[in-house]
Amino acid sequence: MRLRPLPNLLALCCLYALLGAQKSWQVPGLTVKVNHGQSFLIWPEVSGIQAPDSYAVYVSPRAILTAQDLAKATLLAVVPKGSYWNRRAQAPWVLESGALRPGKPLQKGQGFFVNTQRTFGNRWYAVLSRRGRVENQYLGNNRSQNILEKPRPTKPILQRVLPGGRELHYAHFSPKESTAFEAAMSNREGRGFNYRIVMDPGAKGPRPLVFVLHSRGRSYLAFPAIGWLPKNAIQVLVDDDEAKPVHSMWLGYHQGFGKGQSPAGLVGDYTEQRILWTLDRVLEDKTLQVDPARVYAIGASLGAIAAVGLGLRHGDRFAAVGGVDPAFGVQHADFALKAEVASLFGTPSQNLITVDGSGIYDFLDYTKRFAALAGQGSAPMLFTFGRADIVTGWADKVPFAQAIKKARLPVSLYWDVRAHAYAGAWTKIEDRLFNELFEIRLDTARVAFHGLNIDNDIGKGSRFSGDLIGTVGGYVRWKPSSLVEKKGSLQLDFGLKNDKARLDFAPQSLGLVNLDIRGLKRFTVLKRSLYVARMSDRQGNLLEQRFVQARANGTLSFDSIEVDQAGRKLVVQPYTPLLPSLELAGSARLTGKLRIGIFGKSQQLVLLFLGSQKVAIQTTVGLWQIGDPVLAWAGVLGADPIELALAVPASPQIVGTTLLGQALVGSKVTQLSSIRFRK
């Protein structure tokens with residue numbers, strides 16, 4: 001009798017053979033650990049001739065037991081083989097660390113993925129091998145048990161400590177979507193990023209914190225730390241590492257970037273958010289002893305463009321920012337990186353929408369952005385650049401200089417004839433310029449000197465028009481350490497730079513400059529209230545006095561105040577005149593300018609008289625005190641006080657004489673005011 005195999009037995013054997021073949025190149029195990037709001041998945045990669053080239057990571061709110069369960073799960077990512085290796089650090093990733101010591105690094109042959117937890121609940125994971133487009137859907141030890149997830153703030157993971165503790169290297173795995181604790185920092189879940197902290201571990205705090213933003217094509221590891229910062233400074237070198245063009249303009253990219261998709265959708269500020277996240281983590285680390293009021297950013301090339309954006313959008317986080325070779329837009333004729341910008345953000349005609357609702361090319365037009373800041377202010381900024389720059393360009397520099405002047409912003413620009421990434425005339429003192437900038441603090445008022453009448457001429461737009469070497473805003477120096485705010489007064493020291501050995505030595509000994517003081521902390525400023533500013537020399541002699549009405553946003557603005565190389569002390573106090581009132585103020589030096597303030601009620605008729613002889617005559621409208629009155633002006637008061645300007649003649653004969661002023665305002669005369677002319 002001949003035996004015949006049963007059909008179902010043959011099918012079963014085939015099934016087992018198939019399953020065995022699938023199992024042979026499927027992930028043999030999966031470990032999931034939860035730490036600081038993130039789930040860390042680790043698995044052994046499959047080796048051999050038929051080894052997978054990638055691994056698909058799935059998550060589900062229910063157990064993944066069958067093909068039907070898998071079909072309902074969410075594909076989180078496809079992880080290429082060899083994921084254990086941190087390409088930018090040239091070392092394996094470390095996924096666990098203590099406060100002062102990194103944990104064991106991943107080994108070759110281990111794959112991993114990090115998922116940021118967004119909602120509270122149970123999760124199950126599965127990791128499936130892939131070869132090309134073929135996915136092995138065999139389910140075995142490649143599944144996790146129930147994982148209870150709870151959103152929490154994520155933390156950096158210590159990767160490496162250099163001898164002596166002078167450098168600490170960290171990694172962070174970013175979320176694709178915003179959580180209750182942090183913003184999205186990539187368009188790919190679990191994207192790993194690096195940063196390094198450079199410091200002198202023996203120096204004492206409180207320490208200034210400086211973010212160092214590398215140039216295009218460099219990295220957090222290859223870009224050098226700055227050697228001229230204060231000894232106790234902490235430097236944070238962040239990384240701008242993306243797919244071609246290998247950077248994100250230190251800002252972000254469109255939602256499909258790096259996924260083979262054409263530019264479309266929203267442009268996310270992923271990289272900028274990652275910088276802010278890193279700032280928060282560094283400030284949280286109390287062992288670093290960071291002074292939260294002394295946080296700065298400095299960059300080169302694209303890093304300098306990043307500093308511009310941080311100072312504009314996050315002036316409440318950064319006390320000051322600066323850099324070398326920036327661009328103030330991305331569409332000017334000689335900006336060489338337009339193709340790279342288009343790959344990140346789409347074309348100008350698309351002008352994809354950004355996180356603030358504007359088009360990305362409008363978002364990056366810093367000339368227009370800064371012009372729109374008139375009366376609002378920004379972080380103080382300082383940038384150096386060259387007329388021969390054909391990478392970030394020159395064509396944007398002149399309109400930007402005009403914009404910051406119009407907006408009355410604390411921005412200093414220095415130019416010479418350098419090309420991109422080359423040294424120039426200002427290079428010799430750049431270290432001192434930036435160190436002076438980095439004395440400014442976040443917990444004090446924002447002081448902006450601008451519009452100096454002896455600034456250099458940046459030209460009309462051509463590389464060859466204007467002064468070849470010069471500065472706008474660079475000849476005035478004020479000392480942040482001298483800024484003292486009290487409830488009833490504010491004072492600071494300022495002057496023209498007077499070191500003849502430096503290129504920023506002021507070309508004249510006396511100038512006129514505008515001053516805006518914003519964001520006062522202790523000195524109370526009430527909108528539309530009156531204040532008096534007194535400028536004295538180092539011996540305390542009054543040189544100039546001005547009266548000003550606070551703007552609606554609390555800013556105190558003074559136009560054309562005198563500044564000299566000897567230096568002056570400014571003291572500002574509230575001023576409450578007895579109405580009607582008149583004040584002779586301004587500068588009474590020869591060729592100076594007097595400022596005559598008249599205070600009263602709206603719609604009152606004003607007759608202003610000047611003279612030189614003092615008398616005392618009681619009248620029906622009050623005590624009259626000018627014996628030789630000359631009618632100098634007549635008009636009507638509006639809602640604001642009247643300020644009249646009067647040029648002082650260059651006549652030596654008037655030195656030492658006194659000018660008297662008195663006004664009839666409505667039906668009353670003001671008190672007598674006087675001022676003595678000086679050299």
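The values are calculated or read from the model by the stated rules, or taken from the named source; none is laboratory data. Since the structure is predicted, the reported quantities are computational estimates derived from the model, not experimental observations. Glycine also receives a Cβ, built like all others from the backbone with ideal geometry; neighbour counts cover every protein chain displayed. These area figures cover heavy atoms from the full protein model, side chains too; ligands, DNA and RNA do not enter into them. Shrake-Rupley method; radii C 1.70, N 1.55, O 1.52, S 1.80 Å.
List of remarks:
- Of all residues in segment 416-458 being among the polar types (S, T, N, Q) and in contact with a Lys or Arg (Cβ under 9 Å, 6 or more places away or on another chain), the one that is least open to solvent (accessible area, probe 1.4 Å): Thr444
- Failed criterion for Gln26 (all others in (1) more than 22 Å from Glu149 (Cα to Cα); (2) at pLDDT 95 or above; (3) surrounded by 14 or more Cβ atoms within 10 Å (Cβ to Cβ) hold): (2)
- Out of Ala264, Ala203, Ala184, Ala171, one residue alone is over 21 Å from Tyr296 (Cα atoms) and surrounded by fewer than 17 Cβ atoms within 10 Å (Cβ to Cβ). It is Ala264.
- As a summary of the residue check, His254 satisfies the conditions (1) within 24 Å of Val94 (Cβ to Cβ); (2) touching a strand residue (DSSP E or B) at 6+ places or on another chain (Cβ under 6 Å) except for the one numbered (1).
- Count of residues meeting criterion [touching a Pro at 6+ places or on another chain (Cβ under 9 Å) and either surrounded by 19 or more Cβ atoms within 10 Å (Cβ to Cβ) or in a loop (DSSP other than H, G, I, E, B) (or both)] in segment 344-359: 6
- Restricting the search to strands (runs of 3 or more DSSP E) fully inside segment 175-282 and requiring at least 2 residues that are within 24 Å of Leu76 (Cα to Cα) gives 191-198.
- Listed by first and then second residue, the pairs linking a residue in segment 316-328 that is outside any strand (DSSP E or B) to a residue that is at pLDDT below 95 and open to solvent by 10 Å² or more (accessible area, probe 1.4 Å), with Cβ atoms under 7 Å apart and 6 or more places separating them unless they lie on different chains, are Asp325/Ala421.
- Candidates are the residues of segment 560-586 that are out of contact with any Phe, Trp or Tyr (no Cβ under 7 Å at 6 or more places or on another chain) and modelled with pLDDT under 95; the one that is nearest to Lys497 (Cα to Cα) is Thr576.
- Output for segment 67-93, where each listed residue is over 30 Å from Ser219 (Cα atoms) and either in a helix (DSSP H, G or I) or not β-branched (Val, Ile, Thr) (or both): Ala67, Gln68, Asp69, Leu70, Ala71, Lys72, Ala73, Leu75
- Complete set of residues in segment 538-569 that are in a loop (DSSP other than H, G, I, E, B), open to solvent by less than 10 Å² (accessible area, probe 1.4 Å) and free of Cβ contacts under 8 Å to residues at least 60 places away in the same chain: Ala550
- Residue in segment 86-94 that is more than 15 Å from Lys33 (Cα to Cα), open to solvent by less than 50 Å² (accessible area, probe 1.4 Å), over 32 Å from the mean Cα position of the chain (by Cα) and of a type in the set (S, T, N, Q) present: no
- Residues considered: Arg218, Arg196, Arg191. Of these, the only one that is of a type in the set (D, E, K, R) and open to solvent by 60 Å² or more (accessible area, probe 1.4 Å) is Arg218.
- Options Lys601, Lys521, Lys593: the member that is closer than 30 Å to Ser378 by Cα and of a type outside the set (A, V, I, L, M): Lys521
- When Phe223, Phe211 are checked against the criterion of being over 21 Å from Pro92 (Cα atoms) and either touching a residue at least 12 places away in the same chain (Cβ under 8 Å) or hydroxyl-bearing (Ser, Thr, Tyr) (or both), a single residue qualifies: Phe211.
- Verdict on Leu637 being over 23 Å from Leu578 (Cβ atoms) and open to solvent by less than 70 Å² (accessible area, probe 1.4 Å): no
- Per the listing Leu100, Leu148, Leu139, Leu128, the residue uniquely in contact (Cβ under 8 Å) with a residue 40 or more places away in the chain, surrounded by fewer than 19 Cβ atoms within 10 Å (Cβ to Cβ), among the aliphatic types (A, V, I, L, M) and within 20 Å of Gly190 (Cβ to Cβ) is Leu148.
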